[in-house]
Amino acid sequence: HHVDNLRLVTELANEPIITGLEATADSFSVTFRDIGLAQVLTDTITVSLDGEDVTAALEVSKDGEFTTVNYSAPTMFASGSDHVVEVRAETSNGGVLTASPSFTAATYATVPAGLALSNVDTSTPGFLMYVKQSTAGLANSTADRLAHLADDSENIADDWGSEDYTWTLELINFDQDGNPQGEFRDLGDGSSQDVFDDFIPGIPGLEGGTDNITAMIDTVVRIPDAGFYTFGFNSDDGFLTTAGNDSADAVKLGEFNGGRGASTTAYQVYFEAAGDYPMQSL
């Protein structure tokens, strides 16, 4: 249970080394570092991916003592898929470097082009937000909250200013007590994140409570080009964001299923094509 009198000795390497591998959803890079006068011979670098030689497709760059080889895949790696890279290079002092690092491709959702809408009225930007408050306690569960929206239980939210508990909004930046919360808050510094936190529409409810609330936010997001986009959702407690007008073809984009204080979940989404896409957030 007790360890002491440890001694750590470090020594400078005497030949080039492979310093690491970085990967995205459709590429990876391997970096070498020269040590002193000993250098990596760039024309001897070979790389294979999952047993297939991809050397001919590499892009090699050198910046001082660092040499980086980049590989861009012709197609996307499957979301969350595992891969093995075999690396070999010779050095100017007669050595040979080898390594077999592995990586897991980024996890992402894919939105097919067929989910895009046509003839969207861009003159009315904003959100539709439906709010429902329960007289009973509700679990911090995606399934339970979807069921709450779908059931015929009493809604005790205050419907003032709404159309059947649905509000048309230009901005979603709310706290149940109107306090500064989340990524965008009343900082008073004039920055891009200095945004006033308003009360949740309909809350406090008719009985004065600020808990047991479920909401659904609908909007259309314009995606200018095909490719990857990073979204973030700050919630207390859970959330679920999907794309698509029909639950049968809806694609889950991001989710936190449980209880937490105000926290942000970031998630990557790959859009197959530019377009206007319906999105919903629970």
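The values are calculated or read from the model by the stated rules, or taken from the named source; none is laboratory data. What you are looking at is a predicted structure, and each value in this text was computed from that prediction instead of being measured. Heads up, the Cβs are rebuilt from the backbone with ideal geometry, glycines too, and the neighbour counts pull from every protein chain shown. Please note that ligands, DNA and RNA were not included when accessible areas were found on the heavy atoms of the full protein model with its side chains. Shrake-Rupley method; radii C 1.70, N 1.55, O 1.52, S 1.80 Å.
Quick check on this structure: which one of Asp246, Asp197, Asp225 is open to solvent by 70 Å² or more (accessible area, probe 1.4 Å) and over 20 Å from the mean Cα position of the chain (by Cα)?
Asp246
Among the residues of the range 70-90, is any more than 30 Å from Gln268 (Cα to Cα) and either out of contact with any helix residue (DSSP H, G or I) (no Cβ under 7 Å at 6 or more places or on another chain) or among the aromatic types (Phe, Trp, Tyr) (or both)?
Quick first cut of the range 70-90, residues more than 30 Å from Gln268 (Cα to Cα) only: 88-90.
From what's left, either out of contact with any helix residue (DSSP H, G or I) (no Cβ under 7 Å at 6 or more places or on another chain) or among the aromatic types (Phe, Trp, Tyr) (or both): 88.
Yes, the range 70-90 contains a residue that is more than 30 Å from Gln268 (Cα to Cα) and either out of contact with any helix residue (DSSP H, G or I) (no Cβ under 7 Å at 6 or more places or on another chain) or among the aromatic types (Phe, Trp, Tyr) (or both).
Are any of the residues in the range 144-153 more than 30 Å from the chain's Cα centre (by Cα), among the charged types (D, E, K, R) and either closer than 23 Å to Asn257 by Cβ or outside any loop (DSSP other than H, G, I, E, B) (or both)?
yes
Give me a count of the residues in the range 211-222 that are open to solvent by 30 Å² or more (accessible area, probe 1.4 Å) and within 21 Å of Pro180 (Cα to Cα).
The total comes to 3.
Scan the range 56-80 residue by residue and report those that are farther than 30 Å from Val111 by Cβ, loosely packed, with under 13 Cβ neighbours inside 10 Å and of a type in the set (Asp, Glu).
Hit for the range 56-80 is Asp63, nothing else.
Quick test for you: out of Phe233, Phe271, pick the one residue that is hydrophobic (A, V, I, L, M, F, W, C) and open to solvent by less than 30 Å² (accessible area, probe 1.4 Å).
Testing whether each residue is hydrophobic (A, V, I, L, M, F, W, C) and open to solvent by less than 30 Å² (accessible area, probe 1.4 Å) leaves just Phe271.
Kindly indicate whether any position in the range 37-55 is over 20 Å from Val96 (Cα atoms), out of contact with any Phe, Trp or Tyr (no Cβ under 7 Å at 6 or more places or on another chain), open to solvent by 100 Å² or more (accessible area, probe 1.4 Å) and charged (D, E, K, R).
yes
Across the range 154-176, what is the total count of residues that are assigned to a strand (DSSP E or B) and either in contact with a strand residue (DSSP E or B) (Cβ under 7 Å, 6 or more places away or on another chain) or not acidic (Asp, Glu) (or both)?
5
How many of the residues making up the range 223-243 are over 25 Å from Ile200 (Cα atoms) and not aliphatic (A, V, I, L, M)? Lay out the reasoning, then the answer.
First, the residues of the range 223-243 that are over 25 Å from Ile200 (Cα atoms): 223-230.
Then keep just the ones that are not aliphatic (A, V, I, L, M); that gives 224-225, 227-230.
Looking only at that region, the number is 6.
Of the conditions (1) at pLDDT 95 or above; (2) at negative phi, Ser123 fails just one. Which one is it?
Of (1) at pLDDT 95 or above; (2) at negative phi, only one is false for Ser123: (1).
Can you work out which of the residues in the range 81-115 that are of a type in the set (A, V, I, L, M, F, W, C) and in contact with a Pro (Cβ under 9 Å, 6 or more places away or on another chain) is most open to solvent (accessible area, probe 1.4 Å)?
Going through the qualifying residues, I end up with Val84.
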